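Beneath this line is the structure, given in structure tokens, with notes to follow.
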Amino acid sequence: MSSLANDLSLLSESSRRYFGAPHRHFIGGQFVDSISQEEIPVIDPTSGELVARVPAGGAGDIDRAVRAARKAFDTGPWTRMTGPQRERIMLRLADLLEANATEMSEIESVNSGRTLLSTKAFDVDLSVDYLRYMAGWATKIHGQTLNPSVPYVPGGKFFAMTVREPVGVVGAITPWNVPLGQAIWKIAPALAAGCTIVLKPAEQTPLTALRFAQLVAEAGVPEGVVNVVTGYGESAGAALVAHPGVDKISFTGSTQVGRLIGEAAARQMKRVTLELGGKSPMVVMGDADLDVAIPGAAMGIFANHGQNCCAGSRLFVHSSIYERVIDGIARIARTLKLGPALSPDTQMGPLISKAQQERVIGYIRSGVTDGAKVIVGGKALPGPGAYVEPTILTEVGPAMKCVREEIFGPVLAATRFDEVGEVISRANDTTFGLGASVWTESLNTAHWFVRQFKSGTVWINTHGVLDLAVPFGGIKQSGMGHELGEEAVNHHTNLKSVLASLKDPS
Ligand code: NAI
Ligand code: MG
């Protein structure tokens, strides 16, 4: 085993045991055998070694899970509980996740290749906070009262109100870049709203979702409220989307699959939230504080190995500071320590898989063929791990594939600009619209960019920061709907309008 592979003896006893345990779907409050006999090999991307097997569930398993969720929604206690009752159970779930933080983080790091620091922060701690934040919403879901005039009923007296009701059974499909974090982003608002859920985690990273299902049972979440079926997208994922018992699909992943899901959901008029890809611009103005902008932009692209939907993958730097900024980011890229997730000195692990490594290297190659210059990185590390060096491409043109398409790896495409009118049209020249950032010391400039960027989120002097309370969603090909914040709760409700005709007591 090379030093680029995880040393699994560093794991806690409980994590090691978990990898070896038999893994089954979680349906109706129990772990059950798969109807489908197939299995998915779960790989440690630092070594390419098999660490576990999970069932490759199919349409039969999905049907069983949807029926359980349907029954729990239509006749079970969850939807009928008071807000405080749901809140208490969700808080218990948060406590259990917190108590199992080390094991969760270790499992996620081995499976997804990300450092313990990263999985602890983004898959565990943020999820604990999000469960608690959403537990609070369980008691705060509300409609409005309205004072209708109904002008065509002379002398009529009317009262109106809106109420928010849970949308029903939610089918959630999540990606591999922040596996547990993404699962909790789907589960927590669904629970707060009184929905039930069937989760299909990414085939590459199914383990923490199944481990979390154990906590769901332990916390006293009623049976059938949360179900987890592991499987491939084309089989289990597609079956979940097509199932008539599902009322809403919540999906995070590629734009290509998002489009398929949107089309399929539309046929049944299912509610749908799509959190898709991006090619987010970062604009560094001539007046930016470079002590902030240089490390900020470096993390904007290299955080999570570039495997972030809102990664700042296109950099525009004002000509007056272009060399300094590029040199600064290149210096950071060169010093980032690549290595296995479990090693304490690792700053960047491998990508999720050999397939993703090839895909990312393919984009770098296509950039070079199109005339881009690699000023740092550009290569895969030799060996069985899925490592790719942090990479900066310069001399890139707007028509190049590496500039137009989401790479989902540590690859920055950098260019210079001279004036704001030019840079904003180049920044907005993308089919995506997830995030965008500007680095400037001028309040006026910052707010001009806020209005001009065509994106769901704008960051000022930072990039990629997400918060529990701040809605996150894309425009254009980056998706529809929002996660996080009150918006996420509302997306799990149907708005019902009530009109009453009143008369004075006789
Ligand atoms: P993907 O979009 O195929 O996978 C995401 C999830 O969708 C997984 O759970 C998968 O099983 C499921 N899925 C796949 N096909 C499906 C179908 N036909 N019906 C229902 N569910 C389906 O992403 P993939 O192939 O893993 O990665 C390819 C590229 O997608 C990445 O390089 C990246 O550019 C982009 N991506 C973007 C993400 C984001 O957060 N914006 C997350 C993951 C991937
Ligand atoms: Mg795919």
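Readers should treat all values here as calculations from the given coordinates under stated rules, not as data from a laboratory. Predicted model, so just to flag it, every value in this text is computed and none were measured. Positions of Cβ are backbone-derived with ideal geometry, glycine not excepted, and every protein chain shown enters the neighbour counts.
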For a footprinting-style exposure proxy, rank M90, M299 by other Cβ within 10 Å, fewest first.
M299, M90
What are the radius of gyration and Dmax of the stretch 396-506, computed over its Cα atoms and given in Å?
20.2, 79
1/(1 + (r/R0)^6) with r = Cβ-Cβ of R334 and R259, R0 = 41 Å, i.e. FRET efficiency to nearest 0.05, evaluates to 0.60
Footprinting proxy, T430, T208, T394, T75: sorted fewest to most Cβ within 10 Å, the residues are T75, T394, T430, T208
Over 10 Å intervals from 0, what percent of Cα-Cα pairs in the stretch 281-468 sits in each interval?
10, 40, 36, 13, 1, 0
Within the stretch 280-302, find all residues whose amide N lies under 19 Å from a label point positioned 7 Å from the Cα of Q347 along Cα-to-beta-carbon.
290-302
Using 0.36 nm per residue, how much length does the chain from F31 to T75 gain when fully extended, once their Cα-Cα distance is taken away?
13.7 nm
Defining a contact as two alpha carbons under 8 Å apart and six or more residues distant in sequence, what relative contact order in percent does the stretch 281-468 show?
28
Mind computing the radius of gyration and Dmax over the alpha-carbon atoms of the chain? Å is fine for both.
23.9, 89
Antiparallel bridges, percent of DSSP beta bridges restricted to the chain (to nearest 5):
45
Looking only at aspartates and glutamates whose Cα falls under 13 Å of K379's and that sit 8 or more positions away or on another chain, we get E358, E389
Burial ordering of S442, S9, S3, fewest other beta-carbon atoms within 10 Å first:
S9, S3, S442
Which of K200/K401; K373/K401; K200/K354; K120/K476; K140/K279 have a Cα-Cα distance over 26 Å?
K200/K401; K120/K476; K140/K279
Calculated FRET efficiency for the pair E486/Q268, C-beta based, R₀ 25 Å, to 0.05:
0.40
Length-normalised contact order of the chain, Cα under 8 Å, at least 6 apart, in percent, tallies to 18
Please give the FRET efficiency for A101 paired with D7, using the beta carbon to beta carbon distance and R0 = 25 Å, rounded to the nearest 0.05.
0.75
Of the candidates I249, G286, Q357, the farthest towards the positive dipole end of the stretch 238-391 (Lys/Arg Cβ +1, Asp/Glu Cβ -1, centred on the Cα centre) is I249
Counting only Cα, what are the radius of gyration and maximum Cα-Cα distance Dmax of the stretch 1-107, in Å?
18.0, 55
